[in-house]
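Just below is one structure, and these are the notes that go with it.
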Amino acid sequence: MGQQPSPQTKRARTALPPGLRPLLDNLRVEDTDTPVPEEDILGLNLLHRHLADYAPQTRRAYLADWKRWASWCRSQDRTPLPADPADIALYLASAHDDHGTGPATLQRWTTTIATAHTANGHPDPTNAPPLPGLLRWLRTTKPQPRRRTSRWLTDLELTRVLAHTREESWPELVINRRDRLIMLLTRATGDGPEEILGLRTSQLTLDEERVVLTRPDQEPQVLANPLPATNWGTCLSCSLAMWRQVTDLADDSRTALRSALGAPDRLTPRGHSHTLESAPDSQAWLLRRVRRGGTVTTDRMAPKALRDLLHTHATGAGVDTTGLTAFALRPHP
């Protein structure tokens, strides 16, 4: 009989068959955070239906887990549905050993994969080797003490960071308007990157100069301004209106955006601006990737982009970036 892996090794690769272990070292690391367009995610529609009676928070977690699995499979040229048990084992072991993902999260990911297969009429791959042995090993590991890896960004620091987004020259204004809205939205809602970057254009509206957030199966939520709105640079309503001006023009045509906002003699915004027109495409991603030169794409941003933009503006504003992750933008507990 083979020697059983010891939990004290804390390496999930030891619970894999010897033939799989070398494959962990050959996994690609690039583009693993790039989201897959929802229409390209296998099994997503039937999973949506299967989760209809679940609690909203649970449903969001399952859908986010399935999208993460689909993104990893695309980056590794694997098939997410029906999945090969060996691929799932590599996915879990890599997350544990290389990214410090805890056993509870890995178990939830496994449950999500099993649920998606059931919803789509496929056998549960998580019951096939080598997954039972890996999951058994994960259950025997003691959770590592959680390290505080993210500090809270104070209101004063956030105000300084937002001031760095006030540049309205072309093409900087495109990214600045988007980033300012992202930071204020994160502060106002307390949501993480997946929730913020997963918003559709139609989900944010203005009602009497107040921002209203609508989520599926939930009552509309009026968002309070997270900072004193002394000017348009810290006003959530202004930020939404100014970014929507960019995306609406971009959806019309690239030349319309450049012509309207790139003119050298264009006046810098003064005072508050809360005008919001009907969106040309209500189901488009609200927060999108921007290429160099100010070109607004139709692609959703990757979750890691939130941390990157925070570091960029914090550095420009002279704010210490030590311990700043995307979760630093959340309101103080």
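Numbers at a glance
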read-out: Among (1) under 21 Å from the mean Cα position of the chain (by Cα); (2) of a type in the set (A, V, I, L, M); (3) modelled with pLDDT under 90 - the single one L329 does not satisfy; value: (3)
read-out: Every residue from region 153-176 that is open to solvent by less than 30 Å² (accessible area, probe 1.4 Å), in contact (Cβ under 8 Å) with a residue 24 or more places away in the chain and under 16 Å from H311 (Cα atoms); value: L153, L158, V161, L162, T165
read-out: L63 vs. criteria closer than 14 Å to A114 by Cα and either assigned to a helix (DSSP H, G or I) or at pLDDT below 90 (or both); value: yes
read-out: Within region 301-314, tally of residues that are open to solvent by less than 30 Å² (accessible area, probe 1.4 Å) and either closer than 14 Å to N176 by Cα or touching a strand residue (DSSP E or B) at 6+ places or on another chain (Cβ under 7 Å) (or both); value: 7
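Results for (1) in contact with a strand residue (DSSP E or B) (Cβ under 9 Å, 6 or more places away or on another chain); (2) surrounded by 15 or more Cβ atoms within 10 Å (Cβ to Cβ); (3) in contact (Cβ under 8 Å) with a residue 24 or more places away in the chain, shown as yes or no for each residue.
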| site | (1), (2), (3) |
| --- | --- |
| I41 | no, yes, yes |
| W66 | no, yes, yes |
| R78 | no, yes, no |
| H99 | no, no, no |
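The values are calculated or read from the model by the stated rules, or taken from the named source; none is laboratory data. Note that the coordinates shown come from a computational prediction; the quantities given were computed from them, not determined experimentally. Neighbour counts are summed over all protein chains in view; Cβ atoms, including those assigned to glycine, are modelled from backbone coordinates with ideal geometry. Protein only, heavy atoms only, side chains kept; ligands, DNA and RNA dropped before computing areas. Shrake-Rupley method; radii C 1.70, N 1.55, O 1.52, S 1.80 Å.
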